[in-house]
Amino acid sequence: MRKSFMQSLQIGFMAAASIAILPSMSVAGTYDLTVDRVIIDTGDFQKEGIGYNGKSPGPVLRFKEGEDVTINVTNNLDESTSIHWHGLILPFQMDGVPKISFPGIEPGENFTYKFPIIQSGTYWFHSHSGFQEPDGAYGSIVIEPEKRDPFRFDKDYVVQFTDTHPHSGKRIFRNLKMSADYYNRQQQTLGDFFSDVRKNGLKATIDDRMAWGDMRMMKTDIEDVQGFTPLINGKGPEQNWTGLFEPKERIRLRLVNSSAMTYFDVCIPGLKMTVVAADGNNVQPVTVDELRLGVAETYDVIVRPMDDKAYTIFGASMGRTAYARATLAPREGMVAEIPEMTKAPLLTMADMGMDHGNMAGMDHSNMKGMDHSSMKGMDHSNMKGMDHSNMKGMEQEKDSFYANGSGLVPTAANGGKFLSYADLKAQKPLYEDREATREIELRLTGNMERYIWSINGVKYEDADPIVLQYGERVRFKFVNETMMTHPMHLHGMWSILDVGAGKWDPAKHTISVAPGTTVYSETEVDAPGQWAFHCHLSFHMDAGMFRKIFVEGGPKSASLNPSEQGVLQ
Amino acid sequence: METGIGTENMKIKRTFLSGVAGATLTAVLALSSAIAFAAGNHHGSHGEKSVIGISGNAADVTRTIEIKMGDNFYEPEEISIKKGETVRFKIINTGEFVHEFNIGTAAMHAAHQEEMMMMVEHGVLEVDKINRDMMKMDMGNGKTMEHNDPNSVLLEPKETAEIVWKFTDDAELEFACNVPGHYASGMMGEVHFE
């Protein structure tokens, strides 16, 4: 039954693909991937994890735009698996999400993915089953453009960031469910309390702690899973992955964040980075000193070291609990200084969506989701006294993608330019700019104490799918009512991030929404079928911040009939 | 596609001789009058000026080189020149963004990139538009953001222009687009001397 269903899907897909094939298209590549139990050695510890072709991270798959790829996947695990091609535009049956795209790949079985490559740039792939991704099941994808690349570089390297934890994903999730702050080692201590009393007075300090306690939140709730070792291309800071260059060469670094939970602030002391692509799509080049690489995002940067010396690629985790380190050097074995991490940020009331200085700008309709009963206990007269120490630093540069007064606003370690989403402008827009046909509000919600993460207060298992009509352009309004940053990933279709640049708004696959902010993205609904839409923090996704998207209508060959829906559910 | 030749672009060749903003002119006169400026490089660094060559006479032109400016690259990306040769560059912006064609040394380009960044910050330069009327604005100290030096042109999409240039020295030269981010992402070409 299942077999014949898959066959019919394949036939349907092949029919769709053959229509799309251009006469000039002749490239076809076959790739083999095995899904294996592997040993991951971070330098700090060894653990058993999951990898591809015997390694984690898996290989860099190099495709060419216009190519028809066939990827044979063999599951050598004793559990079901899947591979999702993160950011690739393809028929939904090939998207690799169990129960949405296909049933999954059972132990010992093979699955053949076949799809045309209709884009170029830097992407990645990972398992979409259980906690295999946090356990190491990821690799990267580089797609060479059909036409000439608009940017010039002599070399390119994938620089894949991951956060490898000594615990298995399953165990981490169990512990988080038991106690949400299980892995938060940065809780404020009694010592902090007394130093705050000295600074702010006893009443203000007690009120501060009680206010945060009422919200079941902590100012240090920036990374809810700490204790990991950041890796770059599978190498820990001591193992030091090294990319070689000759002075004056232009090097394209394809930064990929395949971490389960960790954002990285990336810089290369001594080098400017010119950002040329975000989430695979070219952007108008912008030169920066540092950038924040959200979970699941990719950025391509070009650097040009002029001197015969080594440079450190440095990625401090957003909560500053650990750093990734690699090296660019003219010769193997050369190293550069490893910078100190800058001070760990603390969340402010602004990150709670409670920026009292900016209440006028607040959308009060969004406050429904807040627990008013717990807010009554707050002494608003004392809130002015809160967190002024953190707010001073925030005056320098406004970034509209952070709440006004947010503790998370990034600043470059060298005082220079830090990339903002507002800097991202499409090099060549993928779609005509047009008015959205409707808006869908998605409040990002959660109950930290019970480690439930949800959308509009409803977790995935209790939610209906979001139904979109083929051909419409939908405007998603993300309202982050939690104190954590959520990288929202829509499968199968682009998310055109509203940076206020009109037709130059960039198309991304992952939209990071900071606490206390409202962010908009628009999607041209041009891919029939059913798709996943979720927070890409692995444990938030599994805790329920996830929706199924159902696209109604569209080309016949790819649409579902009711009986097929039944099987897929 | 000659339609796009703005009077501005034609003027670029003339302004050098026929008078630019007062302060700039003074600066020019302070140097040898035959020596050209890097576009917008009003800060000095006199030493390297002479190496890039000078505005040439049309009568001395031995050949025409067509340079297409795409997003964000040149075609061709390298040119071969004989020392002392006078070349007519026919420059076409085939892209959708503003691009520059500027002959200079790497150091001159680096300095000019900062000025171009200022032009963007002041709204003179948009991604696909040049607000030429704003260029004449006095920025203080008599400086303007006029982009009128003979070794460069700044073109909107579909515009074309010509530069007649005499390569007096076989220095290490590049032609480059100093619009923010463009040079850094590789929009430059090499000048090789035969």
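The values are calculated or read from the model by the stated rules, or taken from the named source; none is laboratory data. Nothing here was measured: the structure is a model prediction, and the numbers come from that model. Here the Cβ is made from the backbone with ideal geometry for all residues, glycine too, and neighbour counts use every protein chain on show.
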Return yes or no: is B:Val179 within 14 Å of another protein chain (Cβ to nearest Cβ), surrounded by fewer than 18 Cβ atoms within 10 Å (Cβ to Cβ) and under 28 Å from A:Val276 (Cβ atoms)? no
Out of all the residues in segment B:148-166, is one or more farther than 18 Å from A:Gln427 by Cβ and within 14 Å of another protein chain (Cβ to nearest Cβ)? no
In segment A:326-348, which residue that is of a type in the set (A, V, I, L, M) and assigned to a loop (DSSP other than H, G, I, E, B) is nearest to A:Val266 (Cα to Cα)? A:Met341
Note: among A:Val266, A:Val256, A:Val301, just one is touching a Leu at 6+ places or on another chain (Cβ under 7 Å) and either away from every other protein chain (no Cβ under 14 Å) or surrounded by fewer than 24 Cβ atoms within 10 Å (Cβ to Cβ) (or both), namely A:Val266
Conditions first: (1) modelled with pLDDT of 95 or more; (2) more than 23 Å from A:Glu144 (Cα to Cα); (3) more than 14 Å from every other protein chain (Cβ to nearest Cβ). A:Met349 passes all but one, so which condition is the exception? (1)
Which of the residues belonging to segment A:158-201 are modelled with pLDDT under 90 and assigned to a loop (DSSP other than H, G, I, E, B)? A:Ser179, A:Ala180, A:Asp181, A:Tyr182, A:Asn184, A:Arg185, A:Gln186, A:Gln187, A:Gln188, A:Thr189, A:Gly201
Scan segment B:76-88 for residues that are more than 14 Å from chain A (Cβ to nearest Cβ), closer than 26 Å to A:Phe153 by Cα and surrounded by 14 or more Cβ atoms within 10 Å (Cβ to Cβ) and jot them down. B:Ile79, B:Ile81
On the given criteria, is A:Thr229 modelled with pLDDT under 80 and either on the phi > 0 side of the Ramachandran plot or of a type in the set (Ser, Thr, Tyr) (or both)? no
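Quick grid of which residues meet (1) surrounded by fewer than 20 Cβ atoms within 10 Å (Cβ to Cβ); (2) part of a strand (DSSP E or B):
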| site | (1), (2) |
| --- | --- |
| A:Gly29 | yes, yes |
| A:Asp32 | yes, yes |
| A:Ile39 | yes, yes |
| A:Gly49 | no, yes |
| A:Pro57 | no, no |
| A:Arg62 | yes, yes |
| A:Ile71 | no, yes |
| A:Thr74 | yes, yes |
Applying the selection to segment A:447-487, what residues are buried (at least 17 other Cβ atoms within 10 Å of the Cβ) and of a type in the set (Lys, Arg)? A:Lys459, A:Arg473, A:Arg475
Looking only at residues that are farther than 22 Å from A:Gly234 by Cα and among the aliphatic types (A, V, I, L, M) in segment A:59-98, which one is nearest to the chain's Cα centre (by Cα)? A:Leu88
Got a number for residues in segment A:118-156 being more than 14 Å from chain B (Cβ to nearest Cβ) and in contact with a strand residue (DSSP E or B) (Cβ under 6 Å, 6 or more places away or on another chain)? 22
With the requirement that a residue be of a type outside the set (A, V, I, L, M) and more than 13 Å from every other protein chain (Cβ to nearest Cβ), what does segment A:272-298 give you? A:Asp279, A:Gly280, A:Asn281, A:Glu290, A:Arg292, A:Gly294, A:Glu297, A:Thr298
Quickly run through segment B:63-75 and pick out the residues that are surrounded by fewer than 14 Cβ atoms within 10 Å (Cβ to Cβ) and over 16 Å from the mean Cα position of the chain (by Cα). B:Arg63, B:Thr64, B:Glu75
